[in-house]
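S.K.: Okay, handing you the structure first.
The values are calculated or read from the model by the stated rules, or taken from the named source; none is laboratory data. These figures come from a predicted structure and were not determined experimentally. Cβ: placed from backbone, ideal geometry, glycine included. Neighbour counts: every protein chain shown. Side chains are part of the model used for accessible areas, which takes the heavy atoms of the whole protein and leaves out ligands, DNA and RNA. Shrake-Rupley method; radii C 1.70, N 1.55, O 1.52, S 1.80 Å.
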Amino acid sequence: MASRFDGQLRWLHKVRLYPTCTQERALVTMLRVTRELYNASLQQRRDAWTTRRVSLASREQHAQLTELREADPRFAAVYRECQDAVLHRLDLAFAAFFRRVKRGETPGYPRFKPAARWNQLQFPHGDRALKFNTGQLRVCVPGVGAIRLRKGRAVPEFGRAFLVTKNGRWYAVFEAHRAPLPLPATGCSAGIDRGIRVLAALSDGTMIGNIRSGSRRRAVVERHQRALDAVTHKDAGGRVFNRHERIRLASVRRLARAKECEANARRDWLHKVSRGIVQRFDRIALEALRLRSMTRSAKGTLEAPGVGVRAKAGLNRALLDAGFGMLATLIREKAANAARTLIEVDARYSSQTCAACGYVCKESREGRRFTCVRCGHAADADVNAAQVILLRAESPPKRAPGTARGRQYVAA
Ligand SMILES: [Zn+2]
């Protein structure tokens, strides 16, 4: 199906909302009604299958929804397209389930949604449902009223829209589309590798550290975590028995906000770093996604527990890796938007390969330094690896004759 957004890049524009108490109650009611609809429709499909061996099509459920809206004023009060989106979401959950069954996996059956896991309202044709007043100071939501918006950049033309709640705050998310906006050419290329002590190293010698105030925010999170531990009471089995106590709930929320704040700061920093890289370089080489390192755990596995791994060090390492994954994602997005060339290369043995002569040897690498055992090339280990990645992007690896598989990379 041709869309008016063909060939354009999708992006999300998020704006904080400031609903009044009455408006927030209306939004919470909408969340509750749509969640009930999801759970009831799921139950209905389950029952139809277990008792009558019938797969209910969503078309029938859409028709029943119309009847339900006529019978129950609570359902009639909620914007119809939000409810259609709920049935569509259920379709997607079942489609994903059957796709995995077909592949021979054993996926979990689509689950009922508790309130804690139901935090957004979708408007499939948001531009039709949500209207702004002049100056975009308020957005009018059907059935809720005109909600005050945070003043900021103008909301672009959008298609789908979502109202999302997180840690007691509300946001509007608009799905917008735009054509790529090419940046002027600079004539520079760079390879990027994840560092040992830094977030990433560039082939020109630049080291990108993690956000500077990270440790300060981490300390705040840890303080809130200790505060939560202090008000949490567990029985002998480790089960929390004051889960719903007000003082504990408040503590949970304070911890969640502190974590959100930390994540926001890190994401902001990564946006700035990736923007800088995409502005400076025309050709950017990255290591292709390594699934093993993404799923690696510092604790090791049951069969091979991580011996002598300090929990704290493992945590920091995991954070660094997650940070690098997000940096790579943002570089990919921004490079696509700026029409930059992005090359993903196989990064295996890049940390043991010499950027000057291409010789691969484990002994060349000593902690943070790299000194080639053959040609004597000396550099920072992370920078050397980034240079190897850049070389591989410019000339794809040729396997030298008579060497072990995938071991020898010949530099250009
Ligand atoms: Zn060398």
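S.K.: Just one of Gly323, Gly306, Gly314 is at pLDDT below 85 and buried (at least 19 other Cβ atoms within 10 Å of the Cβ); which is it?
M.R.: On the way: Gly306 fails: buried (at least 19 other Cβ atoms within 10 Å of the Cβ); Gly314 fails: buried (at least 19 other Cβ atoms within 10 Å of the Cβ).
Exactly one of Gly323, Gly306, Gly314 is at pLDDT below 85 and buried (at least 19 other Cβ atoms within 10 Å of the Cβ), namely Gly323.
S.K.: Of the residues Pro124, Pro110, only one is touching a residue at least 24 places away in the same chain (Cβ under 8 Å) and over 22 Å from Thr165 (Cβ atoms); which? Reasoning before the result, please.
M.R.: Details: Pro124 fails: over 22 Å from Thr165 (Cβ atoms).
Result of the check over Pro124, Pro110: Pro110.
S.K.: Also: Considering only the range 151-255, give the strands (runs of 3 or more DSSP E) lying wholly within it that have at least 1 residues that are modelled with pLDDT under 90 and in contact with a Pro (Cβ under 9 Å, 6 or more places away or on another chain). Steps first, please.
M.R.: Numbers: elements: 158-166, 169-178, 189-194, 200-202.
It comes to 169-178.
S.K.: Could you give every pair whose Cβ atoms fall below 9 Å, whose first residue belongs to the range 365-378 and is assigned by TED's automatic domain parsing to the domain that holds Leu199, and whose second residue is part of a strand (DSSP E or B) and more than 9 Å from the ligand (Cβ to nearest atom), counting only separations of at least 6 or pairs across chains?
M.R.: none
S.K.: Could you tell me whether Thr353 is surrounded by fewer than 17 Cβ atoms within 10 Å (Cβ to Cβ) and near the ligand (Cβ under 10 Å from one of its atoms)? Before you say what the answer is, go through the steps one by one.
M.R.: Values: surrounded by fewer than 17 Cβ atoms within 10 Å (Cβ to Cβ): no; near the ligand (Cβ under 10 Å from one of its atoms): yes.
The answer is no for Thr353.
S.K.: Also, I was wondering about something else. Can you name the number of the only condition in (1) in contact (Cβ under 8 Å) with a residue 60 or more places away in the chain; (2) in contact with a strand residue (DSSP E or B) (Cβ under 8 Å, 6 or more places away or on another chain) that Thr232 fails?
M.R.: Condition (1) is where Thr232 drops out.
S.K.: What's the total number of residues in the range 356-385 that are away from the ligand (no atom under 16 Å from the Cβ) and either under 27 Å from the mean Cα position of the chain (by Cα) or open to solvent by 60 Å² or more (accessible area, probe 1.4 Å) (or both)? Show your work before the answer.
M.R.: Initial filter on the range 356-385 (away from the ligand (no atom under 16 Å from the Cβ)): 367-368, 382.
Still in the list and also either under 27 Å from the mean Cα position of the chain (by Cα) or open to solvent by 60 Å² or more (accessible area, probe 1.4 Å) (or both): 368, 382.
Number of matching residues: 2.
S.K.: Would you say Ser297 is outside the structural domain of Gly367 (by TED's automatic domain parsing), among the polar types (S, T, N, Q) and either more than 30 Å from Lys14 (Cα to Cα) or at pLDDT 90 or above (or both)?
M.R.: Values: outside the structural domain of Gly367 (by TED's automatic domain parsing): yes; among the polar types (S, T, N, Q): yes; either more than 30 Å from Lys14 (Cα to Cα) or at pLDDT 90 or above (or both): yes.
Here the answer is yes, as Ser297 does meet what is asked.
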